[in-house]
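The values are calculated or read from the model by the stated rules, or taken from the named source; none is laboratory data. Quick caveat, the model's predicted, so the values are computed rather than measured. So basically every Cβ, Gly included, is an ideal-geometry build from the backbone, and we count neighbours across all protein chains shown. Please note that ligands, DNA and RNA were not included when accessible areas were found on the heavy atoms of the full protein model with its side chains. Shrake-Rupley method; radii C 1.70, N 1.55, O 1.52, S 1.80 Å.
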Amino acid sequence: MFASQFLLPAVSVLALLASACGNDSQSANPTPQAPRIAGVRELGTVAMPPNVIGRDGGFSGIVNGRLLWTFGDTFYNPSAADGSGFRSNTAALADLSNPLAATEPLDSAGAPWPFLAFTPQEQRYNDSTGKPDERYALWTGSIIPDGERGALVFYEKLKVHAGTLNYEAIGCGIARMSRDTTFAVRDTALLFTTPEPMLTLATVAGDTVYMYGGKNDGTPYAPVVIARVARSQIDRRSAYRFWDGGGWVEDYRRAAVILGFIPGDVSISWNPWLKSWLAVHSGFFANTIQMRTAPSPQGPWSDPVTMFTGADPAAGSNDYAGKEQPHLAAEGGRRISVTYHQPTGFLSGRIHLVEVVFN
């Protein structure tokens, strides 16, 4: 079973790339109602190279007219040409007409290349342990197109330790990728560092970017907070403001919890069909995919409603990393695409793509 992609608090969760949509309050309705679902259809699983047995995550974004998929822990057999048995992150490209047909460059042993490279210091530490449960990890989050240059990709840096979901959050930052590639270059400095919130999940509304992530203060039940920043200042830490329950403030310690019981990834986007903001996430230690709605990016959010139940996972595990891929929505948001990870065995699994249709 994989680690749940981030700590959501480490959310190696929510890539929320949403359609542009206006200001904070898209609806005057203060009591959001649960949308009614007309149908659910399994579309298949995201393709993997023959050597890959499983990979985590499953964030995507449109870059230069193609679909970029990014993944977290990626395991393969046989080993890569450099002797490693897994990558902390990988990426692949697909045509929008067939988003499941993801392909990527492979090394001489048939293993995928990393999407984000480790620094020499990080690599030396990982080499010194040689263990997947004692290492630095770089797990990707949301993808935001960056014009002709390519895209900005949020990521979290953490240390993985032995034990179930035993992660040590270090910080999160921005990586920059050129178009038509499957690798990115990290900015020299992290954008946020512990104990600040781990903001790696983004939704874009016009000239404003809303960032979501784990509160990162030891609060139980995976509390999510929100910050906002002008898109032109997205790489300036001082430009971020946090929602404290009544307004946007500079002090991250005043950030209010807007969502709880989020076990990993979550997506938040403006849905024109529903005329509300839509949050999609996995059930709390369950195989369900759930949704909530709100009149503004910060809430208030409705109670969770089950959209569908995922495929049966391997014994002793749960499906996880449920989220919408907002850029794949159709008919003005009436049809949305949702992904989740199904563990199929030890270090193996598949990312499913499911279409959900609203009434």
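For this structure, a couple of remarks:
- Residues being under 20 Å from the mean Cα position of the chain (by Cα), open to solvent by 10 Å² or more (accessible area, probe 1.4 Å) and among the basic types (Lys, Arg) are represented in region 143-157 by at least one member.
The rows are residues; the columns are (1) modelled with pLDDT of 95 or more; (2) open to solvent by less than 20 Å² (accessible area, probe 1.4 Å); (3) touching a strand residue (DSSP E or B) at 6+ places or on another chain (Cβ under 8 Å); (4) in a strand (DSSP E or B).
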{"residue": "168", "(1), (2), (3), (4)": "no, no, yes, yes"}
{"residue": "171", "(1), (2), (3), (4)": "yes, yes, yes, yes"}
{"residue": "174", "(1), (2), (3), (4)": "yes, yes, yes, yes"}
{"residue": "181", "(1), (2), (3), (4)": "no, no, yes, no"}
{"residue": "189", "(1), (2), (3), (4)": "yes, no, yes, no"}
{"residue": "196", "(1), (2), (3), (4)": "yes, no, yes, no"}
{"residue": "200", "(1), (2), (3), (4)": "yes, yes, yes, yes"}
{"residue": "203", "(1), (2), (3), (4)": "yes, yes, yes, yes"}
{"residue": "210", "(1), (2), (3), (4)": "yes, yes, yes, yes"}
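- Screening residue 311 with (1) aliphatic (A, V, I, L, M); (2) touching a residue at least 12 places away in the same chain (Cβ under 8 Å); (3) farther than 23 Å from residue 75 by Cα gives one miss only, at (3).
- Test: residue in region 69-92 that is over 24 Å from residue 170 (Cα atoms), in contact with a Lys or Arg (Cβ under 7 Å, 6 or more places away or on another chain) and in contact (Cβ under 8 Å) with a residue 40 or more places away in the chain: no
- Close Cβ contacts (under 8 Å, 6 or more residues apart or on different chains) running from residues in region 239-250 that are of a type in the set (Lys, Arg) to residues that are outside any strand (DSSP E or B) comprise 241/250.
- The residues listed here are 270, 248; of these, the one that is among the aromatic types (Phe, Trp, Tyr), in contact with a Cys (Cβ under 6 Å, 6 or more places away or on another chain) and open to solvent by 10 Å² or more (accessible area, probe 1.4 Å) is 270.
- Enumeration of residues in region 315-343 that are farther than 13 Å from residue 56 by Cβ and more than 18 Å from the chain's Cα centre (by Cα): 315, 316, 330, 331, 332, 333, 334, 335
- For region 212-223, the condition of being modelled with pLDDT of 95 or more, assigned to a loop (DSSP other than H, G, I, E, B), within 30 Å of residue 286 (Cα to Cα) and not basic (Lys, Arg) holds for none of the residues.
- The residues on offer are 265, 235, 251, and the sole one that is of a type in the set (Asp, Glu), touching a strand residue (DSSP E or B) at 6+ places or on another chain (Cβ under 8 Å) and under 28 Å from residue 333 (Cα atoms) is 265.
- Which numbered condition residue 275 misses (of (1) over 21 Å from the mean Cα position of the chain (by Cα); (2) under 25 Å from residue 152 (Cβ atoms); (3) in contact (Cβ under 8 Å) with a residue 60 or more places away in the chain): (2)
- Selection of region 70-106 for residues being of a type in the set (D, E, K, R) and loosely packed, with under 14 Cβ neighbours inside 10 Å yields 82, 95.
- Restricting the search to strands (runs of 3 or more DSSP E) fully inside region 230-328 and requiring at least 3 residues that are more than 18 Å from residue 358 (Cβ to Cβ) gives 241-243.
- Residue 65 small (Gly, Ala, Ser), closer than 20 Å to residue 178 by Cβ and either in contact with a helix residue (DSSP H, G or I) (Cβ under 7 Å, 6 or more places away or on another chain) or surrounded by fewer than 14 Cβ atoms within 10 Å (Cβ to Cβ) (or both): yes
- Lone qualifier among 322, 260, 283 - being touching a Phe, Trp or Tyr at 6+ places or on another chain (Cβ under 7 Å) and either open to solvent by less than 10 Å² (accessible area, probe 1.4 Å) or hydroxyl-bearing (Ser, Thr, Tyr) (or both): 322
- Test: residue in region 112-129 that is at pLDDT 95 or above, open to solvent by 40 Å² or more (accessible area, probe 1.4 Å), of a type in the set (Phe, Trp, Tyr) and more than 18 Å from residue 52 (Cα to Cα): yes
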